[in-house]
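All remarks here apply to the structure that follows.
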Amino acid sequence: MGRRRGAKGANPGGKAKDLPDYYAKSDSDVAYARKAHERAKHQGLRQWLTRLVVVLALVAAWHFWGPTAVRMIRGEGRQTVDEIRGVGRNLQEGRDRRSGVGLDENP
């Protein structure tokens, strides 16, 4: 029950084995295999070009609108922070007014 050495599925005798031919030898089968290979090659090229166009579009968008978008996002962030601080001040002023803070006892 010892294990065989070598790659999985390797020929144990060391002799080259005739691999089965998956394509029939007729002209139509050869033409079909060639056309299928061309289709696969074109599909890979199309995918690569699509990815390249998307990356270039993102780079161009960043080049033209990136700094503006960053400024806009930062401005909106600052505006939101100021609004939150304003709400906090309003809450504190309302609490102080209700509790009588700063009320002059001798008018």
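The values are calculated or read from the model by the stated rules, or taken from the named source; none is laboratory data. Everything numeric here is computed off the predicted structure, so don't read it as measured data. A quick note on method: Cβ atoms are made from the backbone with ideal geometry, for glycine too, and the neighbour counts reach across all protein chains shown.
Here residue 4 does not fit the description of being modelled with pLDDT of 85 or more and out of contact with any helix residue (DSSP H, G or I) (no Cβ under 8 Å at 6 or more places or on another chain).
Against the numbered list (1) modelled with pLDDT under 80; (2) surrounded by fewer than 10 Cβ atoms within 10 Å (Cβ to Cβ); (3) of a type outside the set (Val, Ile, Thr), residue 24 comes up short only at (2). Counting only residues that are surrounded by fewer than 10 Cβ atoms within 10 Å (Cβ to Cβ), in a helix (DSSP H, G or I) and of a type outside the set (D, E, K, R), the stretch 88-100 holds 1 of them.
Put simply, of 80, 68 the only residue that is assigned to a helix (DSSP H, G or I) and exposed (fewer than 10 other Cβ atoms within 10 Å of the Cβ) is 68.
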